[in-house]
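Q: I have a structure I would like to understand better, so I am pasting it below and will then ask my questions one at a time.
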Amino acid sequence: MSDIIEFTKEGAVGVLTINNPPANALSFAVCKALGQIIPDCMADDDIAGLVITGAGRMFMAGADIREFNLTRPDDVPDFHDVLRAMEEAPKPIVAAINGVALGGGLELAMGCHYRLIAAGAQVGQPEIKLGFIPGAGGTQRLPRLAGVEAALEMIVGGDPVSAERAVELGIADELVDGDLLARAAEFAAEKAASGEAPPATGKRNEKIAGIDAAVFEAYREKIAGRSRGLEAPFEAVKCIEAATNLPLQEGLALERDIFAVLRDSDKAKAMRYMFFAEREVAKIPDIPRDTETKDIKSAAIIGSGTMGGGIAMCFANAGLPVTLIDVSEEALAAGIGKVRANYAGTVSRGRLGQDAMDTRLGLISGATDYADIADADIVIEAVFEDMELKKKIFTELDKTCKPSAILASNTSTLDVNEIGAVTGRPDKVCGTHFFSPANVMKLLENVRTDAASKETIATVMKLSKTLGKVGVLVGVCNGFVGNRILGVAARITDFMVEEGALPWQVDQAIYDFGFAMGPFAVNDLAGIDIRHMTRAEQRRLWPDRRDPVLVDKVYELGRYGQKTNAGWYDYEPGARRGTPSQLIEDLIVETSGELGLQRRQFSDQEIVDGYVLSMANTGAQILEEGLALRASDIDVIWHYGYGFPRYRGGPMFHADLVGLDKVYDAVSRLYDTYG
Ligand code: 3H9
């Protein structure tokens, strides 16, 4: 028959096993094979019924995303027709869902007459996370099986549900704890023997009858905030609504048209790109997957401040014991107190159980003596940015910690080569740059020093995963990849303000582009005093560079941002959202005058181009210097560390979409104006 679909028999029941590693994706080849084999089996008098399952650990991860840019070959049937033929087939077809059935995988299972599911398997319609909607009946068949409410949640939310939940919702008919295939074959044989007509999912209308349109209206309102900038969630709601008021074939046609438009949109291309980009980051050309790694069973963090405490939480959350080190019992008590309060906040919001909190807190201990962490497998230093202090700490750690321990610095700016050089084990020194709040933000920039061994790097990359982070490997330079790019982009928006834009106009344009906040609001949140501090280092590095002056003036006014209730914006005490400040506006206009600048209008497009394309330009420079492995790594950093909207794909992808000629023009203009 076919290699990609294996055919075997269990008594009179035919078993089709889809074997298309790594994810059994519905490629053109799989679709073609299904289109041939199923009718053949239906025509074969020796086959009473069929079971469809997946080889390996997955049932099917959905359509093959790698083929989305290709045109379907003429000899491959439309998957809709394959599903329709299955639904109309005279003999029972049973899906034996052995592992994840996602997207087209669940659509295939719903095209079957019955579904049996193994404990531990999951089903879902994650298409929304790729910027489009299910395209092979998901929006029409899922509400028929699971009801409208669950279908909305699963399709618009995109998260899979467990096998137990799938049975509860009516998506699957039976949960199988033992031999799934044997039970599925038995089930198919029973159904065949019963003589009852196999039920087509598309004809099951009980759960979609009499649904009030208000349900959909309310759902649109509910998702409006989190769906900002996206069309797919609303189109999904439209299709699910259509399932309740249009005949199946019309609903399917509507879904198919919308799917095609969304799939080919720039936003979906960006999200597809991000799917592969975040899997690519784990691949390091000179460090193969099978490189030896150290077992990390315990950790220590130097410094129990906000960053240190957050990092300790990451370890405790992953079930690893961790010791926080600080200079005094008081400092430690304050640090651990903050961690406790942080967990308690999560418990009170109902997102963590009290037991889990107790377990996690139980994994965090405190100490003031390095002797107590002599056995830690990794030590992460998270004190403030002072090279001399860090060198002193690493010298001490090198003396006290066991020879095999990895010593990492959480520095966000300093030269980790220089730090490693004070130790007798520079091969075991690297950077692990967490983003604040460390227990929340998923990005981890792992800094590869000149001397770091492959084992050290492979270990911290693996550890990133254990901690639930997306680890991206970067080289040593000021600000590494993320902050170095931010420094350049923020400098450009500062200049724009000196020349005629206002901070709130800049922020609005960047917000409308898709960021959660604009650079000035972020600056107020992170602290203008912190920015002021890093600027001193930048001036040291680039003494001849023209620099914007406004940020220092705001600093000199004691307006450090939210913490002082005044920064670029004014804040009511304790408020997170600021209002435009007249004082700042006057200061800006006055400063433009002092600089001899004639203030001019900036369009939103010019602001976005200046901000984002300057990022791409710096990204290109970083690649040229070999400090990031690939352009997509830079995009992953900007998505997970700085909230670059996923549907824009990151600065490098965005620049590719804009086109090299336009990027070149825009960057040349920036160069001519700002140097
Ligand atoms: C769809 O179905 C549209 C339909 O409605 C319409 C049909 C007409 N395609 O993530 P992992 C690869 S849209 C191609 O590391 P895990 C992946 O790149 C699709 N390749 O493993 C990786 O390759 P490599 C809707 C795929 O265990 C390898 O498999 N479906 C696909 O951590 C292992 O993946 C989705 O959106 C694919 N569909 O997670 C599901 N899926 O080794 C997308 C995986 O070369 N997939 N690969 O780097 C996932 O969410 C996860 O991969 C999954 C496994 C949970 C399945």
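The values are calculated or read from the model by the stated rules, or taken from the named source; none is laboratory data. Please read all numbers here as calculations on a predicted model, not as lab measurements. Positions of Cβ are generated from backbone atoms using ideal geometry, with glycine treated the same way; all protein chains shown enter the neighbour counts. Ligands, DNA and RNA are stripped out before the accessible areas are found, and what is left, the full protein with its side chains, is counted by its heavy atoms. Shrake-Rupley method; radii C 1.70, N 1.55, O 1.52, S 1.80 Å.
Q: Suppose we filter the stretch 471-490 for residues that are open to solvent by 20 Å² or more (accessible area, probe 1.4 Å) and under 19 Å from F644 (Cα atoms); how many remain?
A: Residues flagged as open to solvent by 20 Å² or more (accessible area, probe 1.4 Å) and under 19 Å from F644 (Cα atoms) within the stretch 471-490 amount to 5.
Q: Of the residues in the stretch 243-263, how many are touching a residue at least 40 places away in the same chain (Cβ under 8 Å) and either open to solvent by 50 Å² or more (accessible area, probe 1.4 Å) or away from the ligand (no atom under 16 Å from the Cβ) (or both)?
A: 4
Q: Please determine, by comparing only the residues of the stretch 58-117 that are under 20 Å from T17 (Cβ atoms) and of a type in the set (F, W, Y), which one is farthest from the chain's Cα centre (by Cα).
A: Step by step, filter the stretch 58-117, then rank; the result is Y114.
Q: Does A172 satisfy the criteria of being touching a residue at least 60 places away in the same chain (Cβ under 8 Å), more than 16 Å from the ligand (Cβ to nearest atom) and in contact with a strand residue (DSSP E or B) (Cβ under 7 Å, 6 or more places away or on another chain)?
A: For A172, the condition - touching a residue at least 60 places away in the same chain (Cβ under 8 Å), more than 16 Å from the ligand (Cβ to nearest atom) and in contact with a strand residue (DSSP E or B) (Cβ under 7 Å, 6 or more places away or on another chain) - is met.
Q: Failed condition for I325, given (1) over 25 Å from the mean Cα position of the chain (by Cα); (2) surrounded by fewer than 17 Cβ atoms within 10 Å (Cβ to Cβ), with all others met?
A: Exception for I325: condition (2).
Q: Under 8 Å between Cβ atoms, at least 6 apart or on separate chains: pull out the pairs that start in the stretch 123-138 with a residue that is over 12 Å from E235 (Cα atoms) and end on any residue that is among the β-branched types (V, I, T) and near the ligand (Cβ under 7 Å from one of its atoms).
A: Filtered contacts from the stretch 123-138: V123/V100; G124/V100; L130/I65.
Residues are listed down the side, and each one gets a yes or a no for (1) at pLDDT 95 or above; (2) closer than 24 Å to D159 by Cβ; (3) of a type in the set (A, V, I, L, M):
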| position | (1), (2), (3) |
| --- | --- |
| K32 | yes, no, no |
| I47 | yes, no, yes |
| D75 | yes, no, no |
| D81 | yes, no, no |
| K91 | yes, no, no |
| A95 | yes, yes, yes |
| H113 | yes, no, no |
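Q: Also, I was wondering about something else. Within 15 Å of I240 (Cα to Cα), surrounded by fewer than 22 Cβ atoms within 10 Å (Cβ to Cβ) and away from the ligand (no atom under 16 Å from the Cβ) - does that describe any residue in the stretch 180-194?
A: Scanning the stretch 180-194 turns up no residue that is within 15 Å of I240 (Cα to Cα), surrounded by fewer than 22 Cβ atoms within 10 Å (Cβ to Cβ) and away from the ligand (no atom under 16 Å from the Cβ).
Q: Step by step: first the residues of the stretch 140-154, then only those that are within 24 Å of the chain's Cα centre (by Cα) and open to solvent by less than 10 Å² (accessible area, probe 1.4 Å), then the one that is farthest from the ligand (Cβ to nearest atom). Which residue is that?
A: Of everything passing the filter in the stretch 140-154, L152 is farthest from the ligand (Cβ to nearest atom).
Q: If you take the residues of the stretch 312-331 that are in a helix (DSSP H, G or I), touching a residue at least 40 places away in the same chain (Cβ under 8 Å) and among the hydrophobic types (A, V, I, L, M, F, W, C), which of them is farthest from I296 (Cα to Cα)?
A: Ranking the candidates gives M313 first.
Q: If you check every pair at least six apart or on different chains, which have Cβ atoms under 9 Å apart with a residue in the stretch 16-28 that is under 20 Å from L180 (Cβ atoms) and outside any loop (DSSP other than H, G, I, E, B) first and a residue that is polar (S, T, N, Q) and within 13 Å of the ligand (Cβ to nearest atom) second?
A: I18/N24
Q: Out of all the residues in the stretch 455-462, is one or more open to solvent by 10 Å² or more (accessible area, probe 1.4 Å) and either in contact with a Phe, Trp or Tyr (Cβ under 6 Å, 6 or more places away or on another chain) or of a type in the set (S, T, N, Q) (or both)?
A: no
Q: Would you please list the contacts, defined by Cβ atoms under 6 Å and residues six or more apart or on different chains, that run from a residue in the stretch 381-407 that is in contact (Cβ under 8 Å) with a residue 60 or more places away in the chain and open to solvent by less than 30 Å² (accessible area, probe 1.4 Å) to a residue that is basic (K, R) and not in a loop (DSSP other than H, G, I, E, B)?
A: Note: pairs meeting the criteria are I406/K428.
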